[in-house]
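Presented below is the structure to which this report refers.
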Amino acid sequence: MLGIGAKVIHPTHAEGVIFGTDGDFWRIYFREVGEKSISKEFEGLEVIEEAEDMGQPDVSDIMTAMEHVLGDFTDRIRGEERPENVEISDRWDGGNLIIQPADDGLKAKEIPVDTFFHKIVMTRDRLRVLEAKINAHEKLVDSDKIDLQQYITKIYGSLTTFNVLFKYKEDWFVGEKK
């Protein structure tokens, strides 16, 4: 049974544990790549250990679990910047992004798509580190952490335009669910 607490294997991210849900997505922590939101419809997950029926978790239990999970993730990348391995969609390989001003007298800006894609992934990675620091912050109360998390979720929502660049749907930005 898939659910919170289930251990799974993902075809590209290896072994992980489901620690939450977000609408149509499972929130899964993978030791090698950190937290990922994977669609509940994704058929590539193999269940290693089924979830136990633990009833409804307490919000403080969830926050504590998140602090441990994200603290571990933060510890792994603290000291050096190591973005996760995210692949660009094949259709963009070798392509260029051209930003054309409306004024014909101004020159267009051309950027290799993979350079632009790298900057988008780095933005996402830095948001995840910020998220981890908020969750691990000792002086913030839970209500403040949740309030700040909502802003980060809205930022992810603003970045969903760039999902077209990603090769795998599970790497997409996921914003606020209405």
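Taken together, the values in this text are just the output of simple stated rules run on the coordinates, not laboratory data. Just so you know, these numbers come straight off a predicted model, no measurement behind them. Quick reminder, even Gly has a Cβ in these numbers, built from the backbone with ideal geometry, and neighbours come from all protein chains shown.
Which three numbers, in whole Å and largest first, are the semi-axes of the equivalent ellipsoid of the stretch 1-57 derived from its Cα gyration tensor as √(5λ)?
16, 12, 11
At a Förster distance of 35 Å, what's the computed FRET efficiency of Asp142 paired with Ile99, Cβ-Cβ distance as r, to 0.05?
0.25
Between Asp90 and Glu46, what is the label-point separation in nm under the 7 Å Cα-to-beta-carbon projection?
With each label point 7 Å from Cα toward Cβ, the separation is 2.3 nm.
Tell me the net charge near His10. Cut-off is 12 Å between Cβ atoms, His10 excluded, with +1 for each Lys or Arg and -1 for each Asp or Glu.
Combined, the nearby Lys, Arg, Asp and Glu give -3.
Where the centre of each part is set by its Cα atoms, how far does the stretch 7-45 sit from the stretch 118-166, in angstrom?
Each part's Cα centre sits 18 Å from the other's.
Could you calculate the contour length gain from Leu130 to Asp114, that is, 0.36 nm times the residue separation minus the distance between their Cα atoms, to one decimal place in nm?
Gain on stretching Leu130 to Asp114: 3.3 nm.
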